[in-house]
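K.L.:
This structure is in structure tokens; I'll ask about it shortly.
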Amino acid sequence: MQAAPETAPQETAAGAVSVASRLAFGADAPGPQSYSPVSDRMQEQEDKPRALVVDDAPDVTEMMAILLQYAGYEVVMVFSGPQALEAARDARFDVLVSDIGMPGMNGYELAESLRRLPGYEEMPMIAVTGFTMYEDRERALRSGFNAFLTKPINPRDLIDLVERLRR
């Protein structure tokens, strides 16, 4: 399998970061990437709710980021649990959408760790995973997730769930 050419994040004159496309595999996964459109209305962008999207599959991460961005969120994409913790320590997020089955730190461990961070005790967290057994759902909820979606996800279901949990 050949990876598509990487497109580096480009900072615009107004300071927004735009990521056109990025595929990375294994240890070469990039660090946290902001996903936000270039906009002349920076004030409007600053007022947007912030979402943290975590998945070790870059194409899935980017797809979920695009969905949330079109729903009005400023999105930061990361590709591992440790990167998500670092991003959460550096910035405040309004919602987390995370894979469960990731190497190193899985989604369950990430949720437990995030719940211990100040300001993240009540943040809505959604597990998005290919794990489909009933015990997977129960374990996700016990570890701190508020909801559980199985892959492949219906885009409308993800957006509706995010909005419902944020009320």
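K.L.:
Looking at segment 103-153, which of the residues that are of a type in the set (Ser, Thr, Tyr) and surrounded by 18 or more Cβ atoms within 10 Å (Cβ to Cβ) is modelled with the lowest pLDDT?
P.N.:
The first filter runs over segment 103-153 and keeps only residues of a type in the set (Ser, Thr, Tyr), leaving 108, 113, 120, 129, 132, 134, 143, 150.
Applying the additional criterion that residues be surrounded by 18 or more Cβ atoms within 10 Å (Cβ to Cβ) yields 108, 113, 120, 129, 143.
Values: 108: 97, 113: 98, 120: 96, 129: 91, 143: 97.
Residue satisfying both the conditions and the ranking: 129.
K.L.:
Let me ask something else about it. Hey, among 59, 55, which residue is buried (at least 17 other Cβ atoms within 10 Å of the Cβ), within 14 Å of the chain's Cα centre (by Cα) and of a type in the set (Asp, Glu)?
P.N.:
On inspection, the qualifying residue turns out to be 55.
K.L.:
Take residues that are under 17 Å from residue 80 (Cα atoms) and touching a helix residue (DSSP H, G or I) at 6+ places or on another chain (Cβ under 8 Å) and tell me which of the strands (runs of 3 or more DSSP E) falling wholly in segment 95-167 contain 1 or more.
P.N.:
95-98, 125-129
K.L.:
Of all residues in segment 69-82, which are part of a helix (DSSP H, G or I) and buried (at least 24 other Cβ atoms within 10 Å of the Cβ)?
P.N.:
Scanning segment 69-82 gives a single hit, 81.
The values are calculated or read from the model by the stated rules, or taken from the named source; none is laboratory data. The model shown is predicted, which means the values in this text are computed figures rather than measured ones. Glycine gets a Cβ as well: all are built from the backbone with ideal geometry, and neighbour counts include every protein chain shown.
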